[in-house]
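Beneath this line is the structure, given in C-alpha cells, with notes to follow.
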Amino acid sequence: MSVAYLNRHVLEDHISGFEAEPNPNHLAVIRRPAIFSVLAHASQEAWTLAALKAMSDISVRHAGPGEWLLVSEVLGAESLARDLAMLDAGRISFFEQSDGRVVLRLSGPSVRRILAKCVAVDLHSQVFAEGQSANMLICHVSANLARTGPDHFEIIVPRSYAGSVFEELMEMGREFALTAGFGD
C-alpha cells in the first residue's frame, strides 16, 4: 500500500481568508526557501564569512558568533548543500533547516512601527542598516530578523512557532491595514 503525502505549508490555514490584494504594508510568507545553518570552526570565522559571501543566489544572515543562516529562494536545498560541501570541511560545518524554519517577509511604510510592538531592538536605519541581521525575540519567540531593504524585513522563525508569530504580527499590523499572503 502506498501513501501519497500532500506538501502543505504550515501557515496554509492561517493565511486562508487573508488573500486580498496586497496593501502597502504586507506580510508575505515564502513557500519553499532553502535554509541552512553554517558554523565556522575555531578561528575560521573570517574565512567562512568571505566564502559564504562569495556564493551566488543566497542571502547570508548573521545568527551569532561564527554562525550564519543561509537563505535562498533560487537554489534548492540539494544544490545549496552541494555548494557548501565544496567548501573546506575542516573550516565549516553546516546542516539544513529548510523544513524546520519559516521565512516571513514584512514590507511597507509602517513596517518599523509594526515591528516596534514585538521586538526590543532599535530598527532605525542608522542603527539597523540594510543587510544587517540578528537573532532576537520576536513576539516572544526566538527568531532571526534581517533588514533586506529600506522598508523590508525578513523574519526566520521555527516552524512550530510560525502560526503564533504570524497571528501576532497580523494583530500588531491591523491598525496599518497589514495584509498577508504567500510570496510566490
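Each value in this text was obtained by applying a stated rule to the coordinates, not by laboratory testing. Predicted model only: the values in this text are computed from it and were never measured. We place every Cβ from the backbone using ideal geometry, glycine too, and count neighbours over all the protein chains shown.
Some points to look at:
- Extension gain, Asn23 to Arg113, is 30.8 nm, computed as 0.36 nm per intervening residue step minus the present C-alpha separation.
- Extension gain for Glu171 to Asp99 (0.36 nm times residue separation, less C-alpha to C-alpha distance): 23.3 nm.
- Label point distance in nm, Val10-Arg159, each placed 7 Å from Cα along Cα→Cβ: 0.7
- Computed on the Cα atoms alone, the convex hull of region 22-111 gives a volume of 109 cubic angstrom per residue.
- Where labels lie 7 Å past Cα in the beta-carbon direction, separation of Ala85 and Ser125 in nm: 4.3
- Anisotropy class of the chain from Cα gyration tensor, a/c 1.5 cut: oblate
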